[in-house]
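Presented below is the structure to which this report refers.
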Amino acid sequence: MKRIIVTGGAGFIGGNFILKQLKETNNIIINFDNLTYAGDLTKFNQINSNDNYQFIKGDICNREGISECLSKIKPDTIVHFAAESHVDRSIEGPSAFIQTNIVGTSVLLEETNKFYKQLEGNKKEKFRFLHISTDEVFGELGDTGKFTEKTSYDPSSPYSASKASSDHLVRAWYRTFGLPILITNCSNNYGPYQFPEKLIPLMIINAMSNKKLPIYGKGDNIRDWLYVENHCDAIYEVLNKGNIGETYNIGGNCEMKNLEVVENICDILDEIRPKKNSNSYKEQITFVKDRPGHDFRYAMDITKINQEFNWKPKESFSSGIRKTIEWYLENEKWWRDIQNKKYKQERLGVIK
């Protein structure tokens, strides 16, 4: 049994990780989250009575709050998800990304290292700090090749630059201070509870709301799609089996053009939620001005995690996207509440 502090556990991937942990393990999970715009605690209504779960509202930039949490909880594991994560928002307001992703990570590392240095014996030997990052730190690929763990960093957006910085900080705390860290870089996630600003939930919700389905440029940009539960499984594999100081790429082995993704969503909706006039949802597709600095292609080489842990994604895109669409159709109240209170699918990050 582990005592795990999950930073950013009210977010999309962190929240799915917590729910999976509480369902499949006996680990004690402490959700440390500042509840910014994308934070959502309603997903935990089903487990709030679980004695192995606790929520602490806190900011990773707040040194005293982190120190108090570490002293109180005495974790043997920290899984660091907390981050600003939307590229378009980083174009519109970079400073929040610098503050949370860079400054916040440095504060968390400093306080964690102080805590770690006080540990002794088996507790010190067991301790791990797992940092969750993204494939966007590597920049873009051409028509061929994949990112490996040895690929040089070449970030394009304020978001990816801030995540690259946080990766470097985590690595530095291992090499300089001996903090036992692990790093994972993942491809594009999708699945339940993803905030509607991201491509897949945005398309599903806009289709259901009879709005346009805006696609940047010609829709030729390629991403490697990873179902969130597969990602959570891989994170736990790395946590349990990963070698200290190592980085592991996690991907879905599923490269698709953005236009193909949206057309897949439309085809499934045409089948399971057909329009009354029998028209296809594809008629709502519209092409808009491309995002500034839009990377052409991402693809992850997952040879390392496959060979070391025998991990590979269980969900294909066809099965994962169907599950995702069905979840959003069945949980309309969840995203309607977000529309009413936080976000109405407006476009962000347009340079004027």
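Laboratory data are not the source of any read-out in this text; all were calculated from the coordinates shown. Remember, it's a predicted structure, so these values are computed and weren't measured experimentally. Here Cβ is always computed from backbone atoms with ideal geometry, including for glycine, and neighbour counts include all displayed protein chains.
Result for the chain in a Gaussian network model with C-alpha springs under 10 Å: among Gly191, Gly11, Gly121, the largest mean-square fluctuation is at Gly121. Comparing Cα centroids, the range 1-57 and the range 70-144 end up 16 angstrom apart. Using 0.36 nm per residue and subtracting the Cα-Cα separation, the extra length available between Ser71 and Asn122 on full extension is 16.6 nm. A simple charge model with +1 on the Cβ of Lys and Arg, -1 on the Cβ of Asp and Glu and nothing else charged puts the dipole of the chain at about 580 debye relative to its Cα centre.
The phi-based Karplus calculation (6.51 cos²θ - 1.76 cosθ + 1.60; θ = phi - 60°) puts the 3J(HN,Hα) values of the range 44-52 at 9, 4, 6, 10, 4, 8, 6, 5, 8 Hz, whole numbers, x for Gly and Pro.
The stretch between Lys114 and Lys241 holds 43.3 nm of extra length on full extension. This uses 0.36 nm per residue minus the Cα-Cα distance. Summarising the amide proton neighbourhood of Arg128: residues at separation of 5 or more, or on other chains, whose placed amide H is nearer than 5 Å comprise Thr77, Ile78.
Convex hull volume of the C-alpha atoms in the range 105-150, normalised per residue: 98 Å³. Does the range 94-183 come out rounded, prolate or oblate, given a ≥ b ≥ c as the square roots of the eigenvalues of its C-alpha gyration tensor, rounded meaning a/c under 1.5 and, failing that, prolate meaning a/b above b/c? In terms of gyration-tensor shape, oblate. Under the criterion of Cα pairs below 8 Å and six or more residues apart, the relative contact order for the range 1-115 equals 30 percent.
Length gained on full extension, Lys211 to Asn26, computed as 0.36 nm times the residue gap minus the Cα-Cα distance: 62.2 nm. With the simple spin-label model, which puts each label point 7 Å out from Cα in the Cβ direction, the Lys275 to Glu326 separation comes to 2.5 nm. For GluC sites (Glu not before Pro), the sites in the range 109-168 that DSSP calls loop and that have at most 10 other Cβ atoms within 10 Å are Glu120. Model label sites at Lys218 and Arg63, defined 7 Å from Cα along the beta-carbon direction, differ in position by 5.3 nm.
Normalising the average separation of contacting C-alpha pairs (under 8 angstrom, six or more residues apart) by the number of residues puts the relative contact order of the chain at 18 percent.
Identify which of Leu239, Leu108, Leu22 has the largest mean-square fluctuation in a Gaussian network model of the chain, with springs joining Cα atoms closer than 10 Å. Comparing Leu239, Leu108, Leu22 in the GNM, the peak value goes to Leu22.
Rg then Dmax, both in Å and based on the Cα atoms of the chain: 19.9, 69. Working note: Cα gyration tensor of the range 232-352, eigenvalues times five, square-rooted, sorted largest first, giving semi-axes of 33, 20, 17 Å.
Remark: C-alpha extents of the range 38-89 on the principal axes read 37, 31, 17 Å, sorted largest to smallest.
Axis of helix 63-73 versus longest Cα principal axis of the chain: the two differ by about 70°, to the nearest ten degrees. Comparing Thr148, Thr25, Thr247 in a Gaussian network model of the chain (Cα springs below 10 Å), the most mobile by mean-square fluctuation is Thr25.
Shape analysis of the range 253-324 places it in the oblate category; the axes a ≥ b ≥ c from the Cα gyration tensor give an a/c of at least 1.5, with a/b not above b/c. Computed from Cα positions, the angle between helix 199-208 and the longest principal axis of the chain comes to roughly 40 degrees. Can you bin the range 1-113 into rounded, prolate or oblate? Criterion: square roots of the alpha carbon gyration tensor eigenvalues sorted a ≥ b ≥ c, rounded for a/c under 1.5, prolate for a/b above b/c, oblate for the rest. In terms of gyration-tensor shape, oblate. Give me the Kirkwood hydrodynamic radius of the range 190-243, using the inverse of the mean 1/r over all pairs of distinct Cα atoms, in Å to one decimal. This gives a value of 13.5 Å. Each of Phe296, Phe138, Phe17 has some number of other Cβ atoms within 10 Å of its Cβ, and from fewest to most they run Phe296, Phe138, Phe17. Ranking Val170, Gly251, Phe147 by Cα position along the charge dipole of the range 133-289, where only Lys, Arg, Asp and Glu carry charges on their C-beta atoms, puts Val170 farthest toward the positive end. Rounded to the nearest 500, the 222 nm mean residue ellipticity of the chain from helices alone is -12500 deg cm²/dmol, with -39,500 (n - 2.57) taken per DSSP H run of at least 4 residues.
Summarising the amide proton neighbourhood of Ile56: residues at separation of 5 or more, or on other chains, whose placed amide H is nearer than 5 Å comprise Asn31, Phe32, Asp33.
Charge dipole of the range 1-150 (Cα centre as origin; +1 on each Lys and Arg Cβ, -1 on each Asp and Glu Cβ, all else neutral): 760 debye, rounded to the nearest 20. Near Ile215, the amide H atoms lying under 5 Å from its own belong to Thr286, Phe287, Val288; only residues 5 or more places off or on other chains count, and H is placed 1.01 Å from N.
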